[in-house]
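Each value in this text was obtained by applying a stated rule to the coordinates, not by laboratory testing. Just so it is clear, the model here is predicted, and its values are computed rather than measured. FYI the Cβ positions are ideal-geometry reconstructions off the backbone, even for glycines, and counts take in every protein chain you see.
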Amino acid sequence: MKLKKIADNVYMIACLDWDRRLFDSLIPLPDGTSYNSYIIKGSEKTVMVDSVDPEFSDLLLHHLQDIKKIDFIIANHAEQDHSGTIPKVLEKYPDSKVITTAIGRSLLMAHLHIPEDRFQTVKDGESISLGDKTLEFMHMPWVHWPETMVTYLREDRMLFSCDFFGSHIATTDTFVTDEGRVYEAAKRYYAEIMMPFRKMIQKHLARLAEYDIGLIAPSHGPAYNKPEFILEAYKEWVSDQPKNVVVVPYISMHGSTKRLVNRLVQGLANEGITVYQFDLAVTDIGKLAIALVDAATIVVGVPTVRSSPHPNVMYALNVANVVVPKARYAAVLNSYGWSNESTLAAVTNAIPNLKVEVVGAVGCKGLPTAETYKEVDQLVRTISEKHKEDNLI
Ligand code: FEO
């Protein structure tokens with residue numbers, strides 16, 4: 001595959017990882033992913049922006065075979081899927097330097113053993129000239145590591161954002177063509193990686209609003225030649241206002257919890273609330289994370305196994321606690337064999353990072369009774385009232 005031209009003397013090198021199905025041995029990748037590196041040829045200096053996953057180092061070096069000189073390698077982010085091939089590029093271009101933040105330097109030295117004298121650190125707002133092109137570096141920590149920055153190519157109005165605005169998707173498209181498909185992939189990426197840093201991202205978006213951005217070039221997924229598409233999506237995702245959405249992750253061992261879930265979901269739907277229901281025995285945890293981006297309320301359906309909550313539910317709660325959605329309310333539906341003494345406390349204690357008000361807990365020993373269903377119906381009314389009070393309905 002040849003270098004993809006995205007502007008005059010600016011090229012994308014997209015390494016497509018069609019078959020990767022897990023990232024960090026944790027995050028499902030139903031559409032694979034890609035690692036984008038960029039080459040910017042100024043009249044005096046040439047730079048590479050980000051490298052690629054070490055699995056693709058041969059492909060990257062193949063793309064670089066006709067490039068005689070690289071002066072700088074911009075490391076917007078130290079994670080190995082973007083930095084892992086930097087040592088090989090430094091070897092190929094012995095006079096080149098890595099440009100990164102001071103924290104980025106310490107991380108790259110620790111993770112890749114790059115010698116200290118191969119770095120040139122940049123301060124927030126600093127710029128360098130490539131001759132007829134100028135690069136400005138903006139420190140944007142916590143998208144999603146502490147050292148992350150983005151690089152703005154002033155003359156071409158291009159933003160190299162690395163993970164920020166990225167999408168886990170393998171596609172031969174240089175620019176977004178199927179917005180629906182990329183929207184879901186980018187939202188999945190945001191939900192799993194960026195959501196814990198929502199407040200920081202609000203500030204970064206406000207800063208970027210001051211810039212004239214004609215194209216966003218992330219290091220995962222296609223580039224955005226209509227950047228408002230992803231900028232508007234991010235604004236919505238990071239906003240403090242949830243939607244009229246309830247997410248119901250659950251497990252049912254013998255059908256009792258499922259009965260409670262069915263009653264609740266039907267009742268909420270009748271109230272005009274959008275519900276996403278996930279059977280945790282089979283669900284893609286990334287789909288759950290996507291639904292959590294907008295949810296105002298989370299209702300967990302959990303059976304008690306001996307004296308503890310079902311472990312699949314605890315795993316999902318742990319994920320929710322890590323990604324920190326903006327949900328405001330939570331409730332529990334529980335069925336148990338003979339005792340549920342510790343289950344409810346274990347469930348609510350599992351999500352300390354979430355600032356949620358617990359608005360109800362309905363339990364039943366064995367099958368739900370008419371009384372149990374009345375309690376579920378009351379929970380429906382409570383959730384509906386909360387959503388109305390918050391002007392979500
Ligand atoms: Fe795509 Fe944080 O690495």
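The calculated Kirkwood hydrodynamic radius for the stretch 246-389 is 14.8 Å, given to one decimal from all distinct C-alpha pairs. Spin-label pair ALA110-LYS5: with each label point 7 Å from Cα along the Cα-Cβ axis, the two points sit 4.3 nm from one another.
Counting only alpha carbon atoms, the long axis of helix 179-189 and the longest principal axis of the chain meet at about 80°. A crude spin-label estimate for the pair THR134 and ASN349, with each label 7 Å from Cα along the Cβ direction, gives 5.8 nm. The separation of the stretch 211-263 from the stretch 139-170, counted between C-alpha centres, amounts to 20 Å.
The Rg/Rh ratio for the chain, using Cα coordinates for both the radius of gyration and the Kirkwood hydrodynamic radius, is 1.06. The aspartates and glutamates whose alpha-carbon is closer than 17 Å to the alpha-carbon of LYS365, local same-chain residues fewer than 8 away aside, are GLU341, GLU375. From a point 7 Å beyond the Cα of SER342 in the direction of its Cβ, which residues of the stretch 289-329 have a backbone N at a distance under 14 Å? Under 14 Å, as judged by backbone N against the label point of SER342, lie 304-311 of the stretch 289-329.
To the nearest ten degrees, helix 256-270 and the longest principal axis of the Cα atoms of the chain are 80 degrees apart.
Of TRP142, TRP338, how do they rank once you tally other Cβ atoms within 10 Å and put the fewest first?
Details: TRP142 17, TRP338 9.
The fewest-first ordering by Cβ neighbours comes to TRP338, TRP142.
Relative to one another, the C-alpha centroids of the stretch 1-74 and the stretch 105-122 are positioned 20 Å apart.
Sorted by packing (mean other beta-carbon atoms within 10 Å per residue), highest first, where do 214-222, 239-247 land?
Numbers: 214-222: 24.1, 239-247: 18.3.
Result, highest mean first: 214-222, 239-247.
Projected label points at ARG306 and ASN225, each 7 Å from Cα along the beta carbon direction, are separated by 6.1 nanometres.
Amide H to amide H distances under 5 Å link GLY301 with TYR250, ILE251, LEU333, where only residues 5 or more positions off or on other chains count and H is placed in the peptide plane. The dipole here belongs to the stretch 246-389: it is taken about the Cα centre, uses +1 on the Cβ of Lys and Arg and -1 on the Cβ of Asp and Glu, and is about 60 debye. Classification of the stretch 190-244 by its C-alpha gyration tensor yields a prolate form. The axis ratio a/c (a ≥ b ≥ c) is 1.5 or more, and a/b outweighs b/c. Entry note, the chain: relative contact order of 12 percent, from Cα contacts under 8 Å with a spacing of 6+ residues. Need one word for the stretch 4-238: rounded, prolate or oblate. Basis is the Cα gyration tensor (sqrt eigenvalues a ≥ b ≥ c); a/c below 1.5 gives rounded, then a/b vs b/c decides. Rounded. Using the Cβ of ALA110 as centre and a radius below 13 Å, the other residues enclosed give a net charge of -2, where K and R count +1 and D and E count -1.
Peptides 368-381, 255-268 ranked from most to least packed give 255-268, 368-381, packing being the mean of other C-beta atoms within 10 angstrom over each peptide's residues.
Pairs spanning more than 32 Å between alpha-carbon atoms, out of LYS5/LYS326; LYS41/LYS287; LYS45/LYS235; LYS97/LYS235; LYS287/LYS386; LYS2/LYS235: LYS5/LYS326; LYS41/LYS287; LYS45/LYS235; LYS97/LYS235; LYS2/LYS235. Along the axis of the charge dipole computed for the chain (Cβ charges of +1 for Lys and Arg, -1 for Asp and Glu, origin at the Cα centre), the listed residues VAL322, SER34, PRO87 are led at the positive end by VAL322. Annotation: amide H-H contacts under 5 Å for SER219 (H modelled 1.01 Å from N, sequence separation of 5 or more, or interchain): SER161, CYS162, ASP163. Taking amide H as placed 1.01 Å from N in the peptide plane, the amide H of THR274 sits under 5 Å from that of VAL246, each at least 5 places away or on another chain.
Would you mind checking the tilt of helix 370-389 against the longest principal axis of the Cα atoms of the chain, expressed as 0 to 90 degrees and rounded to 10? Between the helix axis and the principal axis of the chain, the angle is about 40 degrees. For the stretch 1-118, the Kirkwood radius over C-alpha pairs fed into Stokes-Einstein at 20 °C and 1.002 mPa s yields D = 146 µm² per second.
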